[in-house]
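Values quoted throughout were computed directly from the atomic coordinates according to the rules given, and no laboratory measurement underlies them. As the structure is a computational prediction, the values presented were derived from the model and not from experiment. When we count neighbours, we look across all protein chains shown, and the Cβ atoms used for this are built from the backbone with ideal geometry, even at glycine.
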Amino acid sequence: MAGKKGMRLRAGGTLRRLPSGKWQASYTGPDLARHVAPVTYTAKMDAERWLADERRSIERDEWTAPRLRAEAQRARSKTLGDYTGDWLETRNLKPRTKIGYEAGYGDVACTTWWDWSCRRGGLR
């Protein structure tokens, strides 16, 4: 692998220069699987930094697979439907206005922004 053009072997992993000129970082984790950075980097130094951060988390026994970390982050993030529901709760609206907003924003949140966790026709 180190002999291939555009590949640089590092102690913590591998850097590969893509045809686009960007850098892709990857490494073999403690689970013996190959893990690739979630993004490509314009600067080689940024790809090296990602590898160093991953190596540091392995050394500290804080490592989890990047895919699992991304899934956990998505689970913690707030959806548009959640945000809209919270926003409506903090507003002093008349009942009829609130019902109209819930119906209108609920449709947009479910169809336009792919918030499948909300119910069609309302936020909650």
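The criterion of at least 2 residues that are in contact with a strand residue (DSSP E or B) (Cβ under 6 Å, 6 or more places away or on another chain) and not β-branched (Val, Ile, Thr) is met, among helices (runs of 4 or more DSSP H) falling completely within the stretch 38-95, by 44-59.
If you check Leu18 against the conditions, is it exposed (fewer than 15 other Cβ atoms within 10 Å of the Cβ), over 20 Å from the mean Cα position of the chain (by Cα) and over 24 Å from Leu68 (Cα atoms)? When the stated conditions are applied, Leu18 passes them.
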